[in-house]
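Student: This is the structure I have questions about; it appears just below.
Read the figures in this text as sums done on the coordinates, not as results from a lab. Since this is a predicted model, take the numbers as computed values, not measurements. A quick note on method: Cβ atoms are made from the backbone with ideal geometry, for glycine too, and the neighbour counts reach across all protein chains shown.
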Amino acid sequence: MTPKIEISGLRKSFGALTVLRDINLHVEPGQVVALIGPSGSGKSTLLRCINLLVMPNSGHIRVGSDSFSFGPGSKPPAVMQQARFRSSTGMVFQHFNLFPHMTVLQNVMEGPVSVKKMPKAQAVSLAQALLAKVGLSDKVNVFPTTLSGGQKQRVSIARSLAMEPEVMLFDEATSALDPELVGEVLGVIRKLAAEGMTMIIVTHEISFAREVADRVLFMRDGLIVEQGPAREVIGNPKEEATKVFLSHFHTRG
Amino acid sequence: MYQWHFDIVWSYRWLFLNGTAITVGLTISVVFLGLLVGLVAGIAQLSHSAAARWSSWLYIEMFRLTPLLVLLLWVYYALPIMTGIKLDALTSAVMTLTLYGGSFYAEIIRAGIVSIDRGQSEAGLALGMPPGSVMRRIVLPQAIKRMIPPLMNQSIIQFKNTSLVSVLAVPDLLYQGQLVAMETYRALEVYTMIAIIYFIVLLPLTVVVKRAENHLAQSN
Ligand SMILES: Nc1ncnc2c1ncn2[C@@H]1O[C@H](COP(=O)(O)OP(=O)(O)OP(=O)(O)O)[C@@H](O)[C@H]1O
Ligand SMILES: [Mg+2]
């Protein structure tokens, strides 16, 4: 089986600061990969490179049938090409970034209507179905400000799913939530995993990573230091850095 | 004690009315045109293209930092000598006021756009929206709400600014008042009347701005 996501030799620096050194990874179709690592290790930057919100300095990125090369001798993708590519990679942000001037329904419809030019009526029923799927049928016509953090994040997942993406990228989707609201968002992600969605999940929920992820990647200082089946990397890490990082979580229970 | 004779003003009421109408009409046109110019220049300030940023910066600062009276006189008297294009007084006035107001609007519009959280445009981009749609559908609708009070304040200033066009003999309220004052030797009554008219037109507008500001403060 060819991987759904394939990344090789990816590098990124911001000025003098090198954030990604040499990233190589692949994700099989339907696989869930958890990306863990200390703050500043480059997890968000990697995720944002994968959907071109950040342009890498060099390396290759392939998602499905779209592939891009960066670095000397290769032209960065044009604006419209970037937009078309992003429409098939869903991204969920830590701070939700819902559109506050639109209702919940309009938030979810926005992608299909403005990018895919889907007829309004069709977009409404698609949005309603997705909101039902994340358990928010009763919030269709309210504005995002009236929602709890957990509800906002579920809307934002529905908004991404409305584009029918090939892969989903989650950047600390539960980090901004009160502890009692984390479960409802993880529940939705779990459901997507069961449906066979290909996903890369940046998370600090180590037990969730062990439960849902097929593979875990541990990043430090812009490198993937260790990777393997979730149970192995989390239960029995080989690298010292991974052990130290995970020990913070074990002591917390 | 000075004997006020407002009955003289009353007998020239049609001139005052006509002048007020011209001042209001002039303001409406330069506010509308200035907003268009300001939108273009404000967005150009945020462009990826260095040429667009640089030229809009030059325009904005040139007009913001030159006194309006100097600009009006320059466009009317100096521009024709330099370019050979002679504009009539009204056209010069509208053009100058538009560009002058536009430079202030541009700053308000730029500041309004950058005040919107980056996460908003990132969310739009992540859905696959091209940058133009992100601006139109996500950023501007939110930014405009924040821009309305300062844009209205700037427009009130613009209303008062129009009085300067009287130096080019554009028949606005002040210019027509000057004619009446010269004819009647009743400068005190005439200029008092003009001040009152400006005040009466602007008072309701400032109330509206205040309301808009309060409304915005509450919704944040
Ligand atoms: N746009 C940017 N400009 C400059 N530096 C940046 C930018 N984005 C990220 N960085 C820097 O790159 C480094 C890696 O950041 P990144 O957000 O990828 O880390 P992270 O692993 O996601 O951390 P966290 O767990 O805190 O979210 C940090 O030092 C950060 O300050
Ligand atoms: Mg991060």
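Table: residues versus (1) closer than 21 Å to B:Leu69 by Cβ; (2) of a type outside the set (D, E, K, R).
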residue: B:Tyr105; (1), (2): yes, yes
residue: B:Leu125; (1), (2): no, yes
residue: B:Arg136; (1), (2): no, no
residue: B:Val139; (1), (2): no, yes
residue: B:Lys145; (1), (2): no, no
residue: B:Gly177; (1), (2): yes, yes
residue: B:Ala181; (1), (2): yes, yes
residue: B:Glu189; (1), (2): no, no
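Student: While we're on this one: Can you confirm whether A:Ser58 is free of Cβ contacts under 8 Å to residues at least 24 places away in the same chain, at negative phi and either more than 14 Å from every other protein chain (Cβ to nearest Cβ) or within 14 Å of ligand 2 (Cβ to nearest atom) (or both)?
Tutor: For A:Ser58, the condition - free of Cβ contacts under 8 Å to residues at least 24 places away in the same chain, at negative phi and either more than 14 Å from every other protein chain (Cβ to nearest Cβ) or within 14 Å of ligand 2 (Cβ to nearest atom) (or both) - is not met.
Student: Filter region A:207-223 for residues that are under 17 Å from the mean Cα position of the chain (by Cα) and within 16 Å of ligand 2 (Cβ to nearest atom); which is nearest to A:Val19 (Cα to Cα)?
Tutor: My answer is A:Met219.
Student: Could you grab me the full set of residues in region A:74-95 that are hydroxyl-bearing (Ser, Thr, Tyr) and either within 16 Å of ligand 1 (Cβ to nearest atom) or surrounded by 20 or more Cβ atoms within 10 Å (Cβ to Cβ) (or both)? Let's see the steps before the verdict.
Tutor: Taking region A:74-95 first, the residues hydroxyl-bearing (Ser, Thr, Tyr) are A:74, A:87-89.
Across region A:74-95, the qualifying residues are A:Ser87, A:Thr89.
Student: So which helices (runs of 4 or more DSSP H) are wholly in region B:42-93 and hold at least 1 residues that are under 30 Å from B:Ile113 (Cα atoms)?
Tutor: Where helices (runs of 4 or more DSSP H) fall fully within region B:42-93 and carry at least 1 residues being under 30 Å from B:Ile113 (Cα atoms), they are B:50-64, B:68-73.
Student: Here is a follow-up. Residues of region A:68-111 being within 10 Å of chain B (Cβ to nearest Cβ), farther than 23 Å from A:Ile200 by Cβ and either in a loop (DSSP other than H, G, I, E, B) or without any contact (Cβ under 8 Å) to a residue 24 or more places away in the chain (or both), which ones?
Tutor: Of everything in region A:68-111, those that are within 10 Å of chain B (Cβ to nearest Cβ), farther than 23 Å from A:Ile200 by Cβ and either in a loop (DSSP other than H, G, I, E, B) or without any contact (Cβ under 8 Å) to a residue 24 or more places away in the chain (or both) turn out to be A:Val79, A:Met80, A:Phe99, A:Pro100, A:His101, A:Met102.
Student: With the requirement that a residue be within 12 Å of chain A (Cβ to nearest Cβ) and either of a type outside the set (A, V, I, L, M, F, W, C) or over 24 Å from the mean Cα position of the chain (by Cα) (or both), what does region B:140-154 give you? Lay out the reasoning, then the answer.
Tutor: Of all residues in region B:140-154, those within 12 Å of chain A (Cβ to nearest Cβ) come to B:140-146.
Matches in region B:140-154: B:Pro141, B:Gln142, B:Lys145, B:Arg146.
Student: Would you be able to tell me the number of residues in region A:147-203 that are polar (S, T, N, Q) and more than 15 Å from the chain's Cα centre (by Cα)? Walk me through it before giving the result.
Tutor: Here is the first cut: in region A:147-203, the residues polar (S, T, N, Q) are A:148, A:151, A:153, A:156, A:160, A:174-175, A:198, A:203.
This time we only want the ones that are more than 15 Å from the chain's Cα centre (by Cα), so: A:148, A:151.
Residues in region A:147-203 being polar (S, T, N, Q) and more than 15 Å from the chain's Cα centre (by Cα): 2 in total.
Student: Residue check: is A:Asp171 acidic (Asp, Glu), surrounded by fewer than 18 Cβ atoms within 10 Å (Cβ to Cβ) and either within 14 Å of another protein chain (Cβ to nearest Cβ) or more than 21 Å from B:Pro131 (Cα to Cα) (or both)? Before the answer, list the steps.
Tutor: Working: acidic (Asp, Glu): yes; surrounded by fewer than 18 Cβ atoms within 10 Å (Cβ to Cβ): no; either within 14 Å of another protein chain (Cβ to nearest Cβ) or more than 21 Å from B:Pro131 (Cα to Cα) (or both): yes.
Judged against the criteria, A:Asp171 is not a match.
Matching residues to (1) surrounded by fewer than 18 Cβ atoms within 10 Å (Cβ to Cβ); (2) of a type in the set (Phe, Trp, Tyr); (3) within 14 Å of another protein chain (Cβ to nearest Cβ); (4) closer than 20 Å to B:Ile8 by Cα:
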residue	(1), (2), (3), (4)
B:Gln120	no, no, yes, no
B:Arg136	yes, no, yes, no
B:Val170	no, no, no, no
B:Tyr175	no, yes, no, yes
B:Val180	no, no, no, yes
B:Arg186	no, no, no, yes
B:Ile194	no, no, no, yes
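Student: Here is a further query. Checking the structure you have, find out if any residue of region A:40-53 is more than 16 Å from ligand 2 (Cβ to nearest atom) and either surrounded by 21 or more Cβ atoms within 10 Å (Cβ to Cβ) or touching a residue at least 12 places away in the same chain (Cβ under 8 Å) (or both). Give the derivation first.
Tutor: In the first step, residues of region A:40-53 are kept if they are more than 16 Å from ligand 2 (Cβ to nearest atom); the result is A:52.
From the residues that got through so far, the ones that are either surrounded by 21 or more Cβ atoms within 10 Å (Cβ to Cβ) or touching a residue at least 12 places away in the same chain (Cβ under 8 Å) (or both) too are A:52.
Yes, region A:40-53 has at least one match.
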